Amino acid sequence: MLARAWRVAAVVAGCLGFGSLAGCLLPYDFEAALTVEPDGSYYLDLEGKLVALEFFHDLKEGRISSDDPLLKDVARTLRAYKEIYHSRYLGNGIYDTKSHSEGELSDEFVSIAGGRVILRASSSGNDVTIENEEFRRNFYKHDIAELAAAGIHSRGRFCVMTRVAVLESNAMQTANSNGGGTKYCWIFEDWMQKPLPVRIVLRFEQPIVKGLTASE
């Protein structure tokens, strides 16, 4: 039982970026909404499906069954993290999750979808640039091919909602936000295999410098 508990903990830690990449959960269908406030604070809402790679391999090779209690334990362990308020096992090593987190813009302030998308912010006077770092897709090339063969294809949408003035963005869609301001969205198909070109430049009324590196 202790060994099983440690295995569950290792998988969840990998998913949340606290451990090694091995045993991680990968997202294949997600919605991410980042709200940036005029004072430089933000909150991030995420919901979507995750597949547990380690258990996916076990299921494929018949080492465990889809209704193994170990798989349900992962959902319970995920819910132990304060950011995650919903986690439900759907079967076949797949989990439905929802989370909410808050903070302030910083050099590395948002890790989306299990660490596969990391957003960084840098400042220049009153302007703050938010963009993603290069996606390390080669780490998961074999796993992605296996998932695709099983009919699991990655896709997702990421949106920035803000009342702050936006100088430029490469968003695919823009629309008015329900809470005021504007929504900027990027839609990704098979995003684990392709770079994620997220970039948006905001101009604040006051310089936002806490935790930020000055851009050139």
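Fully extending the segment from Asn92 to Ala80, taken as 0.36 nm per residue of separation minus the present Cα-Cα distance, adds 2.1 nm. Simple rule: put +1 on each Lys or Arg Cβ and -1 on each Asp or Glu Cβ in the range 29-101, find the dipole, and look at Phe55, Leu34, Ser101; the Cα lying farthest toward the positive end is Phe55. Here the peptides 91-100, 154-163, 57-66 are ranked by packing, the mean other Cβ count within 10 Å, and the order with the highest first is 154-163, 91-100, 57-66.
Values quoted throughout were computed directly from the atomic coordinates according to the rules given, and no laboratory measurement underlies them. Keep in mind that this is a model prediction, so the values were computed, not measured. No Cβ is skipped: glycine too gets one built from the backbone with ideal geometry, and neighbour counts run over all protein chains shown.
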